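Below: the structure, in structure tokens.
Please treat every number below as a calculation from the coordinates, not as lab data. Every value quoted in this text rests on a predicted model; they were computed, and no experiment measured them. Don't worry about glycine lacking a Cβ; one is built from the backbone with ideal geometry, like all the others, and counts go over all protein chains shown.
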Amino acid sequence: MDKTMTSSQVVDQLEDGMTIGIGGWGPRRKPMALVREILRSELRDLTLVSYGGADVGMLCAAGKLRKLIFAFVSLDFIPLEPYFRQARQSGSLEVMEIDEGLLLLGLRAAAWRLPYIPTQVGLGTDIVDKNPEIKLVDSPYDEREWLAMPALKLDAALLHVDHADNRGVCQISGPDHYMDDMFARAAERTYVSCDELVDSSYFHAPQQARLVFWERAVTTGVVHIPGGAHPSSCNPLYGFDVPHFKEYSASAKQDTGFEGYAQRYLKGSEADYQAAVGGLDAIRKLPLPVY
Amino acid sequence: MNTDYTLAELCICAAAETFRGQGEVLASGMGVVPRLAASLAMHTINPDLMMTDSESWMLSAPNPLGDRGADFQQANETWMGFSRIFDNVWSGRRHALVGPTQIDRFGQSNISALGADHAAPKVMLLGSRGYPGNSICHDNSFFSPAHNTRLFVEGECDFVSSVGYNPRRLPRGHSLDDVALGLIVTDLCVMDFGGPNHQVRLCSLHPGISLEQVRENTGFPVAVSGEPPLTKAPTKQQLALIAELDPHNQRASQIAGNPPGDRRRAA
């Protein structure tokens, strides 16, 4: 089965009002080319689940979101994401603010087809008080109350990996796959952009197959977009683009705001975008971050 | 007595104490001073601590901060990606040293948002990150480079991201004694939660700081018993280790003006 498609074919399969999960973490390994395709589309009223970075900020700024389910939104070295902050402070965004681990449990519950997973995480905090959707439950085994983290069922997940084949075998060879496997499993449909599309024989070596974190049946579509995570990182191929994030962040303080950034970077095709940021060679030369 | 040290170095040494006697727990220092405190503790008072590279590997010796050169080989011990961090967090074998934006008299803290209306916060911060889970599962301590009443708020935190000793929010069947808050280290003093009913208590004043300054800059009463001692000055050995762990002197930009640790001379 050949699952390769284009990013516009992916977005054609998404609908207004859907709940979409985006993989990666902050400024790291975000499927930004797919996000840019959503920004170019007419899609709206989305509910987004994300360990958020500029994916959240851009979709907020473009008015694509009805609701955000999050534990943080940050660009790491720029701790506060400017367009996410604007959206929050204006009150225009409905939110379900949870803990990073609760988000993982919500995805796990969806992946495992459970209505909820009981946990102590969030008890005693405003996670309980500010989220009417989150209930407490009694345990049949003890006298304590527990937080019942509801399944975060996704209509679609969007992920970026470094290598994939056309049948949907996806490899993350950077040091962390984050929660991408759970996003993939929690979703009805999982679309994956990849930096390199490889022949299936690439995975025959055990050390390559070991870096595959979900089975191909979980993958719906594969989009070959070298550099597709830019301006986020795709370790080990490239780091995140610090000057670009600074320019993006600074745009929030300028009169033209996100529209100014969009005019410069988002009006054309993905090829136009890559040309505007210096080309694929420049992306692949971006240094990996040092923590 | 050694008086040639910065306030940041004094805070690093004071905060390292929070890991004393903690055994084999993952020491997570969020930010430059906390990370150096955890690293220093691992090199001195608690070699059993566990540590990550702040990315995806657990280390048997802490990485120095910043650019480490192309030849540097970090001492990996095991893979520790973010999904696995939660297996550690929920087991309780961790002690985090963190820097929230608000802390209240219960030891509850906030890194989420400022303002009463969560639907439209006055100032949106990070979101709650891992604070809710951390605080109910394992030990936590605090560091702040700016001790003032905006940090130590008079009322409850605008958003309670982490649990403290607040009976009103105690989940059914749980005990306040399950909450494990260690030290609070600031640019003025060291405090803990050892007062009556877990009240915040002054442990030591940094040299040149008065009890009045602490009281004026804290939005709630601080328990004091007797004459508070001075925070212990860093030893030569500690300062040398800190310099090795922070070769690019990132610690110099962590507290406004990078003041000396002993402010009696400056006064």
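One table, with the values for the structure above:
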| quantity | calculated |
| --- | --- |
| Residues of the stretch B:98-136 that turn out to be in contact with an Asp or Glu (Cβ under 9 Å, 6 or more places away or on another chain) and in a helix (DSSP H, G or I), as a count | 5 |
| Every residue from the stretch A:254-291 that is in contact with a Gly (Cβ under 9 Å, 6 or more places away or on another chain), part of a loop (DSSP other than H, G, I, E, B) and in contact (Cβ under 8 Å) with a residue 60 or more places away in the chain | A:PRO289 |
| Qualifying position, being touching a Pro at 6+ places or on another chain (Cβ under 7 Å), at positive phi and among the small types (Gly, Ala, Ser), among A:GLY174, A:GLY168, A:GLY122, A:GLY91 | A:GLY122 |
| So A:LEU68, is it surrounded by 20 or more Cβ atoms within 10 Å (Cβ to Cβ) and either within 12 Å of another protein chain (Cβ to nearest Cβ) or under 16 Å from A:LEU159 (Cα atoms) (or both) | yes |
| Sole exception among (1) within 8 Å of chain B (Cβ to nearest Cβ); (2) over 30 Å from A:ASP255 (Cα atoms); (3) without any contact (Cβ under 8 Å) to a residue 24 or more places away in the chain; (4) out of contact with any strand residue (DSSP E or B) (no Cβ under 8 Å at 6 or more places or on another chain) for A:GLU100, by number | (3) |
| Members of the stretch B:1-30 found to be within 9 Å of the chain's Cα centre (by Cα) and either in a loop (DSSP other than H, G, I, E, B) or among the hydroxyl-bearing types (Ser, Thr, Tyr) (or both), listed by number | B:THR18, B:MET30 |
| Unique match (being at the interface with chain B (Cβ under 9 Å from one of its Cβ atoms) and among the hydroxyl-bearing types (Ser, Thr, Tyr)) among A:TYR141, A:TYR51 | A:TYR51 |
| Filter result (facing chain A (nearest Cβ under 9 Å), over 15 Å from the mean Cα position of the chain (by Cα) and in contact (Cβ under 8 Å) with a residue 24 or more places away in the chain) within the stretch B:86-120 | B:PHE86, B:VAL89, B:TRP90, B:SER112, B:ALA113, B:GLY115, B:HIS118 |
| Members of the stretch B:230-249 that are touching a residue at least 12 places away in the same chain (Cβ under 8 Å) and among the small types (Gly, Ala, Ser) | B:ALA233 |
| Filtered residues of the stretch A:111-133 (kept if more than 11 Å from chain B (Cβ to nearest Cβ) and out of contact with any Asp or Glu (no Cβ under 9 Å at 6 or more places or on another chain)) | A:TRP112, A:ARG113, A:LEU114, A:PRO115, A:TYR116, A:ILE117, A:PRO118, A:PRO132, A:GLU133 |
| Within the stretch B:84-97, tally of residues that are of a type in the set (A, V, I, L, M) and either surrounded by fewer than 23 Cβ atoms within 10 Å (Cβ to Cβ) or not in a strand (DSSP E or B) (or both) | 2 |
| Candidate set from the stretch B:123-174 (those that are at the interface with another protein chain (Cβ under 7 Å from one of its Cβ atoms) and of a type in the set (D, E, K, R)); member that is nearest to B:PHE193 (Cα to Cα) | B:ARG169 |
| Count of the stretch B:63-83 residues which are surrounded by fewer than 17 Cβ atoms within 10 Å (Cβ to Cβ) and not basic (Lys, Arg) | 13 |
| Residues located in the stretch B:6-26, provided they are buried (at least 24 other Cβ atoms within 10 Å of the Cβ), within 12 Å of B:MET42 (Cβ to Cβ) and in contact with a strand residue (DSSP E or B) (Cβ under 6 Å, 6 or more places away or on another chain) | B:PHE19 |
